[in-house]
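These notes are about the structure you will find just below.
The values are calculated or read from the model by the stated rules, or taken from the named source; none is laboratory data. The structure presented is a predicted model; accordingly, all values stated were derived computationally and were not measured. For neighbour counting, all protein chains shown are included, and Cβ atoms are generated from backbone atoms with ideal geometry for every residue, glycine included. Note: accessible area is taken over every heavy atom of the protein model, side chains too, but ligands, DNA and RNA are not part of it. Shrake-Rupley method; radii C 1.70, N 1.55, O 1.52, S 1.80 Å.
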There are 2 protein chains.
Amino acid sequence: MASSASVNTPRYLTGDKAGIREFLDKFDVFLFDCDGMCLVFSFEPGLLSALRIPQGTSEQTGTKIRSVETLELLRKNGKQVVFVTNNSTKSRADYRKKLESLQIPSTVEEIFSSSYSASIYISRILKLPENKRKVFVIGENGIEQELSSENVPFIGGTDPAYRRDIKPEDYKMIAAGDESLLDPEVGVVLVGLDFHINYFKIALAYHYIKRGAVFLATNIDSTLPNSGTLFPGAGSMSAPLIMMLGGQEPVALGKPNQAMMDSIEGKFKFDRSRAVMVGDRANTDIRFGLEGKLGGTLGVLTGVSSKQDFVEGPVRPHAYLDKLSDLLVLDS
Amino acid sequence: MASSASVNTPRYLTGDKAGIREFLDKFDVFLFDCDGMCLVFSFEPGLLSALRIPQGTSEQTGTKIRSVETLELLRKNGKQVVFVTNNSTKSRADYRKKLESLQIPSTVEEIFSSSYSASIYISRILKLPENKRKVFVIGENGIEQELSSENVPFIGGTDPAYRRDIKPEDYKMIAAGDESLLDPEVGVVLVGLDFHINYFKIALAYHYIKRGAVFLATNIDSTLPNSGTLFPGAGSMSAPLIMMLGGQEPVALGKPNQAMMDSIEGKFKFDRSRAVMVGDRANTDIRFGLEGKLGGTLGVLTGVSSKQDFVEGPVRPHAYLDKLSDLLVLDS
């Protein structure tokens, strides 16, 4: 078997001051996974346990302060910080506010979300005919804001006109391709997490795709972590369409799909060999960095993947830490 | 390769009076596929073209009259007729009315629907603990009526309390297993076609299954024919759950699943070797009859499958006709 980072033994950096210095010196750009309520910036090691720390405990406060210090350390050393999230319901501006509420300082320009990634993909990479530039959105306001920021016209989304039951006359009108229901300018169906998913939207999306629209998804996470358990994720919104289309999958713009990495590179113009992906999940975050051929990947044990996952699993980071703030040893 | 009906050359019976007589004499029970607006009883051969005949044309009227005559011929000769449908949104009583509107005479007792099949499966086959007998329904009134007819308690379904958006407090309450949202007596999740599917219902169904409820589906048809085209089917309602559950499939009670054949046999107490399945789709109807080891299968060319499908496809009926009313040659 060929030697590759994914099957090597990752280096354990916690407490290894020289190792940390050597590792950090190799990178100019730090991509941080920021899903699952930013487990990367959590303190308590262990599977999802961090999510159960009540707001405002001293443990959590300590975590956030240390996270802020860690980010400051990186910025002080001239590193570019990028927050990468598959959350499509929020715009980058919304997300910055959310990070602020978690006491993680950031700027809008540092945030890269799957809805932004999708918008860039549609506006700059897809070559759509002049009369097929409109997007039919299944999703929330975050997608709409990002499409607007790229001047991409759209319908659907949060428009109340689509938050209704299907009516008997809709079947015939859709079958006939009535333009009051099926806008002939729609050339893309973009599916993200939609808390208002309904039968009518699924039916319209199916017919747009059957009529030739490109099938995109902000991301394909089947579940969404919330309150220490799981809820339907963006991938579950695409599932009915995939089944109706006989297995046709959408082009997904979130991690670990490389369309997202291409978009990030397109925006930040960095040298991939000088970038590192930091995350808590081997099969999404670490895989995202490895398949993107970044110079490095750094696992943290404050989220989903365990030490065993990182050290013995099929997808392994170059290095790993108990927690992100272990990097602060450089400051001591 | 072993000789079996599914790979033999099916017998073409149209115009073959002696062959038809011989074929019909072998069977006492005729199971008719009755989906896709009863394509079996349509006149015009060819893929779905029958669906496009406008209501009330002389062609359609002619079709229905001939269908009625065909059913009368069978009944006159002492044959048991059973209408089998995967449509879960209607009860058997509703379905009888629908058949009547299509000028097809029937009785409630002759109708066997996937919601009735599911109700029988839950009440008579599943061995549920005393305190886990309640069903959480994703579906319409047809399922509710059939569950009631078998005295199976249920929640969800058409209850307006479930036709709402998810609220911020729901996440924490669901995570905590709050009994006002997650009824501890629910031991089954039954998913059928639901024109009011929403995020809240999917989230609840997922949590019931994760807490141990049996995952059932009335049927797994991904699409629903209407107005000559396709809309989301019952299978598409299960798709988000299957994805969230990492690929766990529901036990499906509709064709071609044999749980439905077992239910039909349980009700009509017939000799399978003296029964024939009549349908227009090789991969559902004909497969249903073959896997159920019925004495015969009869394809009709008035629906989805073509002559080539029946004669050269992987699943082949014992015999086939251009149209069902070709049986009337016996009356001439």
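Kindly establish whether residue B:270 is of a type in the set (Phe, Trp, Tyr) and over 17 Å from the mean Cα position of the chain (by Cα). Here the answer is yes, as residue B:270 does meet what is asked. Within the range B:143-186, the set of residues being hydroxyl-bearing (Ser, Thr, Tyr) and outside any helix (DSSP H, G or I) comprises B:158, B:180.
State all residues of the range B:156-172 that are of a type outside the set (Gly, Ala, Ser), in contact with a helix residue (DSSP H, G or I) (Cβ under 8 Å, 6 or more places away or on another chain) and away from chain A (no Cβ under 11 Å); if no residue qualifies, say none. Write out each step before concluding.
Here is the first cut: in the range B:156-172, the residues of a type outside the set (Gly, Ala, Ser) are B:158-160, B:162-172.
Now restrict to residues that are in contact with a helix residue (DSSP H, G or I) (Cβ under 8 Å, 6 or more places away or on another chain): B:158, B:162, B:164-166, B:170.
Of everything in the range B:156-172, those that are of a type outside the set (Gly, Ala, Ser), in contact with a helix residue (DSSP H, G or I) (Cβ under 8 Å, 6 or more places away or on another chain) and away from chain A (no Cβ under 11 Å) turn out to be B:158, B:162.
Here the strands (runs of 3 or more DSSP E) wholly within the range B:226-332 that include at least 1 residues being open to solvent by 40 Å² or more (accessible area, probe 1.4 Å) are B:229-232.
Please tell me if residue B:147 is under 22 Å from residue B:215 (Cβ atoms) and either not assigned by TED's automatic domain parsing to the domain that holds residue B:34 or not β-branched (Val, Ile, Thr) (or both).
Working: under 22 Å from residue B:215 (Cβ atoms): yes; either not assigned by TED's automatic domain parsing to the domain that holds residue B:34 or not β-branched (Val, Ile, Thr) (or both): yes.
Yes, satisfied.
When the criteria are applied in full, residue B:195 fails the requirement of being within 12 Å of another protein chain (Cβ to nearest Cβ), surrounded by fewer than 24 Cβ atoms within 10 Å (Cβ to Cβ) and part of a helix (DSSP H, G or I). Set side by side, the residues A:35, A:16 differ, and just one is at pLDDT 90 or above and either surrounded by fewer than 13 Cβ atoms within 10 Å (Cβ to Cβ) or not assigned by TED's automatic domain parsing to the domain that holds residue A:228 (or both), which is A:16. Within the range A:157-189, being surrounded by 12 or more Cβ atoms within 10 Å (Cβ to Cβ) and over 32 Å from the mean Cα position of the chain (by Cα) holds for A:170, A:171, A:172, A:173, A:174, A:175, A:176, A:177, A:178. Among the criteria (1) at the interface with chain A (Cβ under 9 Å from one of its Cβ atoms); (2) farther than 22 Å from residue B:112 by Cα; (3) in contact with an Asp or Glu (Cβ under 8 Å, 6 or more places away or on another chain), the one residue B:175 does not fulfil is (3).
Taking first residues from the range A:71-93 that are acidic (Asp, Glu) and partners that are modelled with pLDDT under 90 and part of a strand (DSSP E or B), no Cβ contact under 7 Å between residues at least 6 apart in sequence or on separate chains turns up. Number of residues in the range A:198-211 that are more than 16 Å from residue A:161 (Cβ to Cβ) and either crowded, with 23+ Cβ neighbours inside 10 Å or in contact (Cβ under 8 Å) with a residue 60 or more places away in the chain (or both) equals 1. Within the range A:214-223, track down each residue that is farther than 17 Å from residue B:243 by Cβ and open to solvent by less than 10 Å² (accessible area, probe 1.4 Å). Once the filter is applied, which keeps residues that are farther than 17 Å from residue B:243 by Cβ and open to solvent by less than 10 Å² (accessible area, probe 1.4 Å), the range A:214-223 yields only A:216.
Here is a yes/no grid of residues against (1) away from every other protein chain (no Cβ under 14 Å); (2) of a type outside the set (D, E, K, R); (3) over 27 Å from residue A:291 (Cα atoms); (4) more than 16 Å from the chain's Cα centre (by Cα):
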| site | (1), (2), (3), (4) |
| --- | --- |
| A:213 | yes, yes, yes, yes |
| A:223 | no, yes, no, no |
| A:228 | no, yes, yes, yes |
| A:243 | no, yes, yes, yes |
| A:249 | no, no, no, yes |
| A:254 | yes, yes, no, no |
| A:262 | yes, no, no, no |
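Considering the range B:147-156 alone, what residues qualify as being of a type outside the set (S, T, N, Q) and out of contact with any strand residue (DSSP E or B) (no Cβ under 7 Å at 6 or more places or on another chain)? So that I can check it myself, show each step before the final result.
Of the residues in the range B:147-156, the ones of a type outside the set (S, T, N, Q) are B:147, B:150, B:152-156.
Selection gives B:150 alone.
Every test in (1) away from every other protein chain (no Cβ under 14 Å); (2) within 15 Å of the chain's Cα centre (by Cα); (3) at pLDDT 90 or above is passed by residue B:99 save one, and that test is (3).
Number of residues in the range A:80-119 that are part of a helix (DSSP H, G or I) and either touching a strand residue (DSSP E or B) at 6+ places or on another chain (Cβ under 8 Å) or surrounded by fewer than 24 Cβ atoms within 10 Å (Cβ to Cβ) (or both) equals 15.
Could you identify the single residue in B:80, B:55 that is modelled with pLDDT under 90 and of a type outside the set (D, E, K, R)? Write out each step before concluding.
On the way: B:80 fails: modelled with pLDDT under 90.
Selected residue: B:55, the only one of B:80, B:55 that is modelled with pLDDT under 90 and of a type outside the set (D, E, K, R).
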